[in-house]
1. For segment 134-163, how many residues are hydrophobic (A, V, I, L, M, F, W, C), in a helix (DSSP H, G or I) and over 23 Å from Phe111 (Cβ atoms)?
2. Taking the criterion of being in contact with a Lys or Arg (Cβ under 7 Å, 6 or more places away or on another chain), over 26 Å from Val66 (Cβ atoms), aromatic (Phe, Trp, Tyr) and touching a residue at least 12 places away in the same chain (Cβ under 8 Å), would at least one residue in segment 146-156 satisfy it?
3. Of all residues in segment 182-196, which are buried (at least 20 other Cβ atoms within 10 Å of the Cβ) and part of a helix (DSSP H, G or I)?
4. Quick one: how many residues across segment 141-176 are under 23 Å from Leu232 (Cβ atoms) and not charged (D, E, K, R)?
5. Got a number for residues in segment 50-97 being in a loop (DSSP other than H, G, I, E, B) and touching a Gly at 6+ places or on another chain (Cβ under 8 Å)?
6. Given the options Val143, Val123, name the one that is in contact with a Ser or Thr (Cβ under 7 Å, 6 or more places away or on another chain), at pLDDT 95 or above and buried (at least 21 other Cβ atoms within 10 Å of the Cβ).
7. Go through (1) buried (at least 16 other Cβ atoms within 10 Å of the Cβ); (2) under 15 Å from Asp149 (Cα atoms) one by one and return the number of the condition Trp220 breaks.
8. Restricting the search to segment 53-74, which residues are buried (at least 21 other Cβ atoms within 10 Å of the Cβ), more than 22 Å from Lys224 (Cα to Cα) and in contact with a Ser or Thr (Cβ under 8 Å, 6 or more places away or on another chain)?
Amino acid sequence: MPNEYTSSQNNACDLMGPSIARPGTWSPPKPAPGLTWQIQLNSKVNLNHNVSIFDIDLFQNTKYDVAELHRRGIYVICYFSAGTWEPLRDDLDNFNRTAPGLHYDDPSGHFKEEQWFNTTDPVVRDGMAKRILRVKNMGCDAVDPDNVDTYDNETGFNAKPENVETDKQTSIDYISFLSNITHKASMQMSLKNAPEIVDYVIHMVDFQVNENCANSTQCWKFRKFIADGRPLFEIEYPTYLDANSTVKSVDKAEWARLFKDNKEQGEGNMGFSTAFEGH
């Protein structure tokens, strides 16, 4: 889950892909691996970025912002959390008949007010279907639903540790639900993180958005997207947890080690579109 930030365009270690054409009448292209991208959440979009792909916050922007990005030839992905209750979102009335679960556990403390949804609840699914319709009505080209990896978190609704495979199937079923609605609306959809279920859902989604795969030496788990000609948008944060769970900054030497470690595990993040938080 990205923090409140505006990240950079592209990683110099990555392949620079072609730019998306600037048509007079917008017709969304199919993004390719290696395109430059930007992600900005929890604030109105900053237009001063020369990129081909922009991932923006559904609730902080309007159809006019999307239209302006399209005028500049930028493919627009709209982000929302599909797995957690977030305070201050303007559609919370759609979820007032469901009971959120445990609070989101994040070492940074940025998301301590969020609570997990029961993604099998028809009320939650109806509310998410309405969010996808809102994405469509805003004119976005794709959906970026976050927090679908409930199998890997303590939500208050999962079966783990007794049966983690049941929790994985719950995530797979939920991604299938979101994907069906999104594709029926003629939009594309990301898989957010969730490396353990890539093999089961790659056919349901169009691209991947992941956080810290280099930092966690897990980029190899997502390479199937690149091999299949699908883009992978990577977010890397400037801090990491060491062996003692102490938050440390990632300096240039650490980045060099991380990318070397990832490359040794099957080409690392070659071909990924990478953005660094705070750059």
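The values are calculated or read from the model by the stated rules, or taken from the named source; none is laboratory data. What you see is a predicted model; the values in this text were computed from it and never measured. Neighbour counts run over all protein chains shown; Cβ positions are idealised from the backbone, glycine included.
1. 1
2. Checked against the condition, which is being in contact with a Lys or Arg (Cβ under 7 Å, 6 or more places away or on another chain), over 26 Å from Val66 (Cβ atoms), aromatic (Phe, Trp, Tyr) and touching a residue at least 12 places away in the same chain (Cβ under 8 Å), segment 146-156 yields at least one hit.
3. Within segment 182-196, Thr182 is the sole residue that qualifies.
4. Number satisfying all stated conditions: 13.
5. The qualifying residues number 2.
6. Testing whether each residue is in contact with a Ser or Thr (Cβ under 7 Å, 6 or more places away or on another chain), at pLDDT 95 or above and buried (at least 21 other Cβ atoms within 10 Å of the Cβ) leaves just Val143.
7. (2)
8. The one that is buried (at least 21 other Cβ atoms within 10 Å of the Cβ), more than 22 Å from Lys224 (Cα to Cα) and in contact with a Ser or Thr (Cβ under 8 Å, 6 or more places away or on another chain): Ile74.
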